[in-house]
Amino acid sequence: MPRVCTSWLRPISLIPTIGIVLLLTPVRIASAQSLGALDRERGRIMLKMLRKDLERHYYDSTFGGVDLSPRWAEAEQRIQQASTLDQILGAIAEVPLSLDDSHTLFFPPSRTLGAEYGWEMQVIGDTCYVSKVEPLSDAAKQGVKPGDALLVLNGNRPDRGNISLIRYVLQVLAPQPTLHVLLQSPGGERRDLVLAAEVRRRPWMMDLTGLDGGRDLSALLREADKERQKWDHRYQEIGRDVVVWEMPTFNTSPEPVKRMLKRIRDRRALVLDLRGNPGGAEKTLLTMVGGFFADDTPVAMLRSRADSSLLVARGGGDDRFAGTLLVLVDSESASAAEIFARIVQLTKRGTVIGDRTLGAVMRSRGYSHSIGNETVIAFGTSVTVSNVLMPDGVGLERRGVVPDEVVLPTAEDLVAGRDPALSRALALLGVKIEPERAGRMFPSR
């Protein structure tokens, strides 16, 4: 087993590289470094592999009418003219971004330097808010609080149309040591702040051979276990009749879903919380749908480059949950979570409550690549292999699911930790729980 290089043999500077350049500050984590011929050659190899993945596997051979030929040529030229490694990675990433496809992306090699910002943002309705703040972060020290409206982030106004791209740039492509924000408190006060991230250095190489006594492998396993805990299913029983099930992801095996379905099977009502659920495995989605319908249920029409096929969930028969179903969604609910919510609407199986979903619904596959033999630089691509149309013939990409009942938290709700959507769902079931108590039902992960 080879050793994995987590960067290009040295720390790299984090500076503007792609079309959303205003998102990135000129502040650097590391000083600028000169590029060598080997760096450019690696960039060209990555670009070549990305092009091969798209041309072989992208569901639409015409790329939605986008002519990629000049974009590949421009990327080659930018790699040749680049003065930093960030500019090379940005040149590569910008090609798939030009397709405006939520599931087609370039994933660069991991960095030796990472940034933890200590706060999170979320679009609610038409406004982007600070949704969470870590107590010991620089943001907390400067008085940033949930409920602050995020008016400007590094020169851009975050909204539904660009928040996914913002996250991709700041979390994957080019993490930043500082972010320049303009905030507005619920009381109307505006503050112009520069928020420092916690910069963490990672080893530039990890030994997966075990020759280091298994230290690096153990570290990776611990990190993976910690990450899995963030995605555990949680539930609260309210009396003997009602269950609130927080399902944070579909990106697991179907087994946790089967266990939860068995637990709730004989209850009168379920509030299924899919807020913040980014989607995940198709098999888990089919298991989930089957758990709420007696008969086989059409889920989606998949249209690939070669053919079309109908995705069908096998019915649960008498083992299904037959009670009242309420589904909570928000602007962070994506992909499989959106498909499930829309199936509930189309079949009139239940009621969807909350905010309009993200609108990121395609079928994709990941392709892993590496450069080198003994020392390996790993990178990858995500490519949309099928368009997804719901049983009514309408896709959800860039459209999302509009809830049957829109319930949005206000800035004051975010400040106080109230959850009006969950409170409203329970009220529809005859359970009176105030938004303050509903907000404490599931502590922040």
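The values are calculated or read from the model by the stated rules, or taken from the named source; none is laboratory data. Please read all numbers here as calculations on a predicted model, not as lab measurements. As a convention, Cβ positions derive from the backbone with ideal geometry for all residues, glycine included, and neighbour counts pool all protein chains shown. Accessible surface areas use protein heavy atoms only, side chains included; no ligands, DNA or RNA. Shrake-Rupley method; radii C 1.70, N 1.55, O 1.52, S 1.80 Å.
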Cross-link list Lys230/Lys348; Lys230/Lys258; Lys145/Lys432: which exceed 21 angstrom alpha carbon to alpha carbon? Lys230/Lys348; Lys145/Lys432
Accessible surface of region 312-396 [probe 1.4 Å, protein heavy atoms]: carbon and sulfur percent: 40 percent
Ranked by how many other beta carbons lie within 10 Å on average, peptides 333-339, 70-76, 409-415 from highest: 333-339, 409-415, 70-76
All-pairs alpha carbon distance profile, the chain, 10 Å steps from 0, percent: 4, 19, 27, 27, 17, 5, 0
Choice from Asn156, Asn373, Asn277 with maximal GNM fluctuation in the chain (Cα, 10 Å cutoff): Asn373
5 Å is the cut-off here: which amide hydrogens, built 1.01 Å from N in the peptide plane, fall below it relative to Val352, excluding neighbours closer than 5 in sequence? Val327, Asp404, Glu405
Using alpha-carbon coordinates, inclination of helix 37-57 to the longest axis of the chain, degrees: 40 degrees
The answer for region 254-412, accessible area per residue at 1.4 Å probe in Å², is 42 Å²
Dipole magnitude of region 51-90 about its Cα centre, charges +1 at Lys/Arg Cβ and -1 at Asp/Glu Cβ only, in debye to the nearest 20? 80 debye
Got a number for carbon plus sulfur as a percent of region 115-199's accessible area, 1.4 Å probe? 48 percent
Ignoring ligands and nucleic acids, what accessible area does Arg157 show with a 1.4 Å probe (Å², nearest 10)? 150 Å²
Between Glu74 and Asp126, what length comes free when the chain is fully extended (0.36 nm per residue of separation minus the Cα-Cα distance, one decimal in nm)? 15.2 nm
Between Arg399 and Leu428, what is the label-to-label distance in nm when each label sits 7 Å out along the Cα-to-Cβ direction? 2.2 nm
